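Every number in this text was worked out from the coordinates using simple rules, so none of it is lab data. Everything numeric here is computed off the predicted structure, so don't read it as measured data. Here the Cβ is made from the backbone with ideal geometry for all residues, glycine too, and neighbour counts use every protein chain on show.
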Amino acid sequence: LGEEVPVGEVGELIVRGPNVMKGYYKMPEETAHTIRDGWLYTGDLAKMDEEGYFYIVDRKKDMIIVGGYNVYPREVEEVLYSHPDVVEAAVIGVPDPNFGEAVKCYVVSKNKQLTEQQLIAYCSEHLAKYKVPSSIEFLDELPKNTTGKI
């Protein structure tokens, strides 16, 4: 079992109780990875407030590690969505020779004049330096599956 993190800090949400599943049907390896010593490792990154309420921040597997710092794609996406010209955005980690990973964004913009440099500058005003995208690629639309998930 991991260590409990202080109030307001992000950690993986781990739960147990009578309502938690016993395992995946006919998937013993996945069950062993997900349920350890009776605890279900959700894969969700969450933080708890002073009143004991939990807030999901992102998925653990989606986290980008830039030079040892954790970057949550959702946080970067929220900044991008706050720009008036951004219609859709998706953030991923890409290999970087110096920092391990770098932040890359795919953006659909309603203003075809919006440049990568302008959007990076905008992100620089709202994010810590290590969270600022190193590259932004503009697309006409983001690819989605049949349920609409990017």
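Can you compute the helix-only [θ] at 222 nm over the chain? Use -39500 (n - 2.57) per DSSP H run of at least 4 residues, normalise by all residues, nearest 500 deg cm²/dmol.
The helix contribution divided over the chain gives -5500 deg cm²/dmol.
Angle, helix 116-126 long axis vs. longest principal axis of the chain, Cα atoms, 0 to 90°, nearest 10?
Taking Cα atoms only, the helix is inclined about 50 degrees.
Provide F99, F54 in ascending order of the number of other Cβ atoms located within 10 Å of each residue's Cβ, fewest first.
F54, F99
Mind checking which of Y24, Y55, Y130 has the largest fluctuation in a GNM of the chain, springs on alpha carbons under 10 Å?
Judging by the Gaussian network model, the answer is Y24.
Rg over Rh of segment 63-138, using C-alpha atoms and the Kirkwood radius, what does it come to?
My calculation puts Rg/Rh at 0.95.
If I stretch the segment between H126 and E3 completely, what's the gain in nm (0.36 nm per residue apart, minus their alpha carbon distance), one decimal?
Stretched fully, the H126-E3 segment lengthens by 41.2 nm.
Any idea what the alpha-carbon Rg over 2.2 N^0.38 Å comes to for segment 11-59?
Expressed relative to 2.2 N^0.38 Å, the Cα Rg reads 1.27.
Once amide H atoms are placed 1.01 Å from N in the peptide plane, what residues at a sequence separation of 5 or more from R36, or on another chain, have their amide H within under 5 Å of its amide H?
Hits under the 5 Å cutoff: Y41.
Which loop trypsin sites (Lys or Arg not before Pro) in segment 61-113, with loop taken from DSSP, have no more than 15 other Cβ atoms within 10 angstrom of their Cβ?
Listed in order of number, the matching sites are K110, K112.
Using a simple charge model, +1 on the beta-carbon of Lys and Arg, -1 on the beta-carbon of Asp and Glu, nothing else, what dipole does the chain show about its Cα centre, in debye to the nearest 20?
460 debye
Just in segment 23-116: which GluC sites (Glu not before Pro) are loop by DSSP and have at most 16 other Cβ atoms within 10 Å?
E50, E51
Filter the trypsin sites (Lys or Arg not before Pro) in segment 6-57 to those in DSSP coil with at most 15 other Cβ atoms within 10 Å of their Cβ, and list the result.
Loop-located and lightly packed - R16, K22, K26.
What ³J(HN,Hα) values, in whole Hz, does the Karplus curve 6.51 cos²θ - 1.76 cosθ + 1.60 give for segment 56-68 when θ = phi - 60°, with x put for Gly and Pro?
Listing the rounded values in order: 6, 9, 5, 9, 4, 5, 8, 4, 10, 10, 10, x, x Hz.
Enumerate the amide H contacts of M63 below 5 Å, restricted to partners 5 or more residues apart or on another chain; note that Pro and chain-start residues carry no placed amide H.
Long-range HN contacts for M63: none found.
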